[in-house]
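The values are calculated or read from the model by the stated rules, or taken from the named source; none is laboratory data. As the structure is a prediction and not an experimental result, all values here were calculated from the model. Positions of Cβ are backbone-derived with ideal geometry, glycine not excepted, and every protein chain shown enters the neighbour counts.
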Amino acid sequence: MISPFPLTQLVPQGAVVYAFPPVAESSSELPPVPARNFWQRRVRDPIVAQLTQGISPEKIALTIAVGSAFALFPVLGTTTLLCFIVAWGMRLNQPIVQLINQALWPLHFPAIFGCIWLGESIFGAPHVRIGIRYLRKMSEMIWNDPALFFHQFGLTVMYGVVAWAIIAPFYIAAVYHIALPITREVTKLKHKAQAQPSADTPPKA
């Protein structure tokens, strides 16, 4: 049956006319990507990225060892500046050092308590009960009133720093020799993955 109305009256001007019904796009969705935890996003991924950008495994291992040692320096409120100065002086990777400094924050309080206790034992001083509030007061006073800080907490700081200075060289050496094989293996795996052609790339004729 022929329509009594012209085709131009049935189809609005500017509309697209399909010879066949348009095919709907597939509604299938890709599987959800598993959530990445804090350690993967803030520590592991930046280190792996630096390994793939030409920084040697030895330099990364040294950065991890030195950065983690100074991140546990037994004076609260000083590690960010201290890590920056050490990384600048030794030409270490600043982002990785600061990431390690932030990642080791939960271990900082136990490290401070341990260093102070060890320092008191070395000097034969009586063990003083120290709490988190005590350490926070120290961290606030060190910048607001350095003279009063050293007057009130000078001996406590000395005990902790001396103990840390004794432990730090052995700690840095141990962490370096543990981290070095790992960074070398990661570098090999990354280079191997980059050298292999993608499965989606068609073979050359």
Select, from ALA49, ALA65, ALA61, the only residue that is at pLDDT 95 or above and of a type in the set (Gly, Ala, Ser).
ALA65
Report, by residue number, each residue of the range 70-97 that is surrounded by 21 or more Cβ atoms within 10 Å (Cβ to Cβ) and part of a helix (DSSP H, G or I).
PHE70, ALA71, THR79, CYS83, ALA87, ILE96, VAL97
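Taking the range 121-142, which residues are among the hydroxyl-bearing types (Ser, Thr, Tyr) and in contact (Cβ under 8 Å) with a residue 12 or more places away in the chain? Break it down stepwise before answering.
Step one: filter the range 121-142 for residues among the hydroxyl-bearing types (Ser, Thr, Tyr), giving 121, 134, 139.
Once the filter is applied, which keeps residues that are among the hydroxyl-bearing types (Ser, Thr, Tyr) and in contact (Cβ under 8 Å) with a residue 12 or more places away in the chain, the range 121-142 yields only SER139.
Looking at LEU92, LEU76, which one is among the aliphatic types (A, V, I, L, M) and farther than 19 Å from ILE182 by Cβ? Give the derivation first.
Numbers: LEU92 fails: farther than 19 Å from ILE182 by Cβ.
None of the others qualify; the one that does is LEU76.
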Residues of the range 169-187 classified as buried (at least 17 other Cβ atoms within 10 Å of the Cβ) and of a type in the set (A, V, I, L, M), total:
5
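Return the residues of the range 105-151 that are among the basic types (Lys, Arg), exposed (fewer than 12 other Cβ atoms within 10 Å of the Cβ) and in a helix (DSSP H, G or I); say none if nothing qualifies. Steps first, answer last, please.
Taking the range 105-151 as the starting set, the residues that turn out to be among the basic types (Lys, Arg) are 129, 133, 136-137.
Subsequent filtering for residues that are exposed (fewer than 12 other Cβ atoms within 10 Å of the Cβ) retains 129, 133.
Passing the criteria: only ARG133.
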Filter the range 55-69 for residues that are in a helix (DSSP H, G or I) and among the small types (Gly, Ala, Ser); the one that is nearest to VAL86 (Cα to Cα) is GLY67
